Amino acid sequence: MSGTASASAASRPPEGLPGLDPAWSRLVEAPSSDGAPRTWHLLDTERPGDPEPAGTVLAVHGNPTWSYLWRDVLAGALAADGPRWRVIAVDQLEMGYSERTGRPRTLAERVRDLGLLTEVLGLRGPVVPLGHDWGGIVASGWAVDHPESTAGLILTNTALHRPGSDPVPPVLRLALTPGVLRTGTSRTGAFLETTLRIAHPPLAPAVRAAYRAPYRSAAERLGIEQFVRDIPASSDAESAAEIERIAAGVERLTVPALLLWGPQDPVFQERYLADLQQRLPHADVHRFEGAGHLVPEDADVATAVLTWLRSAPLDGREPEAPAPVGSDYDPLWSVLEARRADPSTALVEMRPDRRTALRRVSWRLLATRVEQIAAGLVDLGVRPGQRVSLLVPPGADLTAALYACLRIGAVVVVADAGLGLKGMTRAVNGARPDWIIGVPAALGIARALRWPGVRIAAGALSPAAARALGVTATLGGLAARGASRTLPPPPAADDLAAVLFTSGSTGPAKGVRYTYRRLAGVRDALRGECGLTPETGLVAGFAPFALFGPALGCRTATPEMDVTRPATLTAERLAAAARAVDADSFFLSPAALTNVVETASDAERDDFARIRTVLSAGAPLGAPLLERAALIFPAATLRTPYGMTECLMVTDVTLDDIRAAGTGNGVCVGHPAAGARVRLAPLGADGRPGGARTTDPDVTGEIEVRAPHMLDGYDRLWLTDRLARAGTAAEPWHRTGDVGHLDAEGRLWVEGRLPHIVVTDSGVVTPVAVEQRAESAGVPRAAAVGVGPRGTQQLVVVAEGQRPGVIEGPLADAVRAAVGRPVAAVLGIERLPTDIRHNSKIDRALLARWATTVLSGRRVPTL
């Protein structure tokens, strides 16, 4: 154990610390585990004369912070509407501004000390402990010891146990080294400074100074050393038994729980979150992408905490029942079962030479293969509810693996390669799959980047390659071992079936949860709106729709293309795929359709003359591109449904519909389709949606949607999910984040994204109509962004295909004249930044930052 130091009294923090109200500070004397009365410093929102609160949040910091960590939670609680929650944030003894007793304290003593303090404070419930780092363990210990008062539990970046035989994280292992421990923790401020440096984004200097304030001397930092010294590096360490006791007790808790996590934490990594989820399987979870260890500093933890307190059933009531979604249900694999003996073609993969089929798969073979792989997965140990990440390009292997997983109740995780390596890593780590099925290249990346999941190879591997990649099985091997085994009963309709990741065009890609019933609803929406039948020959050049081909009963071809670059689909490649399945329908992304139009020759036009349906989804399309497409698909109905990963079909519109609608403010995306309903949350003068929802014409607002085939929720993004909900649990609506209006005929027009609207001193400007008008002045593609503070923003138009920088002269004059409203500047750029998956959704937020830099007179940055 470390040596002792002289005791020092508790005190109040100095005034002037940013975000800290001196009125919150209290000094409270309480008995302690060492038998002597000790004085605590704590922050408390309660004042004499306050009415009885709805409950109390008991916030406990970790090492090497203090109660200052929770200042935003206190401020938020005081400012919040609705039932008032009291917040008490303690400084643990030896830490912050609480008493330095001159003796070390073990974990068990800290838990007892906190209980003795709350006895003095008279906390009887409902109490929701909130803890971070070591404070998470202490707060959990309090909850375990006070079950009669505990109404809920909130934990952020902590650990109740080291999963399995994992060693202590390297950062802590270094800190525990005998030659480093005292020097790094108490004699110097190295441990504290290291913790403060890993904030994302960096802390403001005044905030860093506030965290340092109670730890200016070695004596004041002794508590930091004691905390590190108490880390149980082995099972016989002094505090190991107490951690085991608390961990076991937490598993018995049945109160609501919330886990808030910073994934960039070098100490409490994702596996610790996974362990907590196993112990608290009912817990709500939110991962703040980009946040790290100091998650209350890195992210808006206060909003998450206070939103959860208002919505969680903390009084023991049952959660509000979700809306019924109907009783009729036809599983996605029902077509495979019905066509098990059908020798006709189900799938075709194209060779890289673009002209001939690489592989033809009959319905009989596909159905057999799916059943065999499904049985083989069960034999391998895959269980219902376990997650399987699919890292396989569109084609026969992906189709067989996907339907096999669905058939046995495994949850498929689909994050396509179009997200890029960084986006894929975030998605896989966020979904935390139990298994990975991938092609060798993807498994190599998974091994190198330590993506979670037992690895299964799609394709044959040599024994040496299998060992190098850490492969447990192959799809071929699973089919062989499943050939003589029977399948288990199918999953229930409302079980979780899939986590499908968004494109990441509006921030980090989000995992969207779908049940079996809702996935079947997507299939039914496509079938009903697009007229797809078992006689349809379909070329799917857009990965999300390729997966529904077998469920629709269509014979489907996957064209030769790079899914990370949709524009690699040429007219020649598309025509070859069409010939392979005698296609009459195409599903294409906007970028793919653009390139097909640009590369079409007379030879391809002959092949395309028999196509009757061309569907392009992923981003709203305007009339100019569709008019060009009509020239090469003369007999086709050109459709561009509006939707998103959260609801793949909201409205549907054809080129003829767009022609009839004429021009307007935005892109016309048609009438609600496939049982979907649309309404608007009107925008206020500040550009924020609110007020009574409406379907009145010509009211610009945030688009909200309700449909039987929309998402079940976001995955491990509790706060995002909650903020995206409108309506009630009995009648839920999804807030899309898109802005638009309905016209007098009930058609929806999309005007842009909510974060991209420009709020000037003369009103709100939505970007799409501005961009359309700018493009009418001869600009190939334009983006409208706001520069400056919200409310006084200046409108800037960025024109693609131009030399980077400010544009003056005839082009700028023409753009201003076409836009018809004040434009502060017209800027040129070689290529607008767009998302990887669609290559069509403009990153206006990035572009606004770029424009700000350009207009400041600094060197023009490269995007």
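Which distance in Å, rounded to a whole number, links the C-alpha centroids of the stretch 283-304 and the stretch 363-430?
Distance between centres, Cα-based: 30 Å.
Using per-residue counts of other Cβ atoms within 10 Å, averaged over each peptide, order 201-207, 617-623 from highest down.
On the way: 201-207: 12.7, 617-623: 23.3.
Final packing ranking: 617-623, 201-207.
Would you mind working out the accessible area per residue for the stretch 731-856, using a 1.4 Å probe, and quoting it in Å²? Provide the component values of the computation, followed by the final result.
Numbers: 5020 Å² over 126 residues.
Roughly 40 Å² per residue, with all protein chains present.
What figure in square angstrom, to the nearest 10, would you give for the accessible area of E15 with a 1.4 Å probe?
In the full protein context, E15 sits at about 150 Å².
Enter the Cα centre distance for the pair the stretch 241-274 and the stretch 560-581, rounded to the nearest angstrom.
The stretch 241-274 and the stretch 560-581 have Cα centres separated by 48 Å.
Rounded to two decimal places and with Rh computed the Kirkwood way over Cα pairs, what is Rg over Rh for the chain?
Values: Rg = 29.6 Å, Rh = 29.6 Å.
Ratio of gyration radius to Kirkwood radius for the chain: 1.00.
log10 I(q)/I(0), Debye, Cα-only the stretch 757-855, no solvent, q = 0.15, 0.17 Å⁻¹?
-0.52, -0.67
Can you tell me the 0 to 90 degree angle between the C-alpha axis of helix 240-252 and the longest principal axis of the chain, rounded to 10?
Once rounded, the angle reads 50 degrees.
Looking at the stretch 757-855, what % of its DSSP beta bridges pair antiparallel, to the nearest 5? Don't skip to the answer; put the middle values down first.
Details: 12 of 17 bridges.
Looking only at bridges with both residues in the stretch 757-855, the antiparallel portion is about 70 percent.
Of K510, K841, which has the most accessible area with a 1.4 Å probe, and how do the rest follow in descending order? Before the final figure, lay out each step's value.
Values: K510 40, K841 65 Å².
Putting K510, K841 in descending order of accessible area: K841, K510.
Can you pull the percent of Cα pairs in the stretch 658-752 with separation above 17 Å? Kindly include the intermediate steps, with their values, before the conclusion.
Details: 2268 of 4465 pairs.
Here the long-distance tail beyond 17 Å is 51 percent of all Cα pairs in the stretch 658-752.
Just order 448-460, 403-415 by mean Cβ neighbour count inside 10 Å, highest at the front, would you?
Working: 448-460: 18.1, 403-415: 24.9.
The most tightly packed comes first, giving 403-415, 448-460.
What value, in deg cm²/dmol to 500, does the helix sum -39500 (n - 2.57) over DSSP H runs of n ≥ 4 give at 222 nm once divided by the residues of the chain? Walk me through the numbers before you get to the answer.
Numbers: 31 runs with 285 residues, N = 863.
-9500 deg cm²/dmol, from helical runs alone.
May I ask you to derive the relative contact order of the chain, considering only C-alpha pairs under 8 Å and at least 6 residues apart, and to give it as an integer percent?
Numbers: 1903 pairs, mean separation 64.8, N = 863.
So the answer I get is 8 percent.
Gap in Å between the Cα centre of the stretch 629-681 and the Cα centre of the stretch 586-618?
17 Å
Among DSSP beta bridges whose residues both lie in the chain, state the antiparallel percentage, nearest 5. Please report the intermediate quantities before stating the final value.
Working: 63 of 125 bridges.
Once the DSSP bridges in the chain are tallied, antiparallel ones form about 50 percent.
If you take every residue apart from T194 with its C-beta less than 15 Å away from the C-beta of T194, what net charge results, scoring Lys and Arg +1 and Asp and Glu -1? Kindly include the intermediate steps, with their values, before the conclusion.
Working: positive: R173, R187, R197, R208, R212, R221; negative: D133, E193, E225, D265, E297.
So the surrounding residues net to +1.
HN-Hα J couplings of the stretch 222-232 from phi, Karplus 6.51/-1.76/1.60, θ = phi - 60°, integer Hz, Gly and Pro as x?
Result, rounded to whole Hz: 4, x, 4, 4, 5, 4, 5, 4, 7, 4, x.
Sort 476-484, 461-469, 747-755 by the packing proxy (mean of other Cβ within 10 Å over each peptide's residues), most packed first. Can you show the working numbers first?
Details: 476-484: 17.9, 461-469: 13.2, 747-755: 22.3.
Averaged packing, sorted descending, gives the order 747-755, 476-484, 461-469.
Report in % the part of the accessible area of the chain that belongs to carbon and sulfur, leaving out ligands and nucleic acids; probe 1.4 Å. Please report the intermediate quantities before stating the final value.
Numbers: 17230 of 33080 Å².
Of all accessible area on the chain, carbon and sulfur atoms account for 52 percent.
Probe 1.4 Å, all protein chains in place: accessible area of L280 in Å², nearest 10?
0 Å²
On a 1.4 Å probe surface of the protein chains, which of V650, V144 comes out largest in accessible area, and what is the full order?
Largest accessible area first, the residues go V144, V650.
The values are calculated or read from the model by the stated rules, or taken from the named source; none is laboratory data. In this text, all values refer to a predicted model and were calculated from it rather than measured experimentally. A quick note on method: Cβ atoms are made from the backbone with ideal geometry, for glycine too, and the neighbour counts reach across all protein chains shown. The protein model used for the area step is the full one, side chains on, heavy atoms only, and it has no ligands, DNA or RNA in it. Shrake-Rupley method; radii C 1.70, N 1.55, O 1.52, S 1.80 Å.
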